[in-house]
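These notes concern the structure reproduced below.
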Amino acid sequence: MNIQKEGFLEVAIEAAREAEEVILKYYESGVRATLKPDQSPVTIADQETEQAIIETIRAKFPDHGFLGEETGESASRNGRRLFHRGSNKRFIARTSTFLFQMNV
């Protein structure tokens, strides 16, 4: 699989930029967290970021599946899957560094 030839890289970069807009909006204004059943924190920023990634990727690659920290797993019709996760505690605390990860 050649991710550049198939256009994956460009779309992944676009998805990351869409996610960045959501993340910065909430980072600047601050967010409240709720706890998931496993007692890990989740924010509206997490949920909206993951949704922005999914929408951007699906617009170009509708057969791709997703494994997201917030939305769970969706089926892949072509064997390809994208994974998203974030680092909530540092984001919620509004530290100067936090993790946003997207694996293609």
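Here the extension length gained between Asp63 and Leu9 equals 17.8 nm, from 0.36 nm per residue of separation less the Cα-Cα distance.
Please give me, ordered by residue number, the trypsin sites (Lys or Arg not before Pro) of region 26-69 that lie in loop per DSSP and have at most 14 other Cβ atoms within 10 Å. It would help to have the intermediate numbers written out before the result.
Numbers: sites: Arg32, Arg58, Lys60; in loops: Arg32.
Within region 26-69, the qualifying trypsin sites (Lys or Arg not before Pro) (loop, at most 14 other Cβ atoms within 10 Å) are Arg32.
The numbers here are math on the coordinates, done by the rules we state, and not lab data. Computed from a prediction, not measured in an experiment: that's the story for all the values here. Positions of Cβ are backbone-derived with ideal geometry, glycine not excepted, and every protein chain shown enters the neighbour counts.
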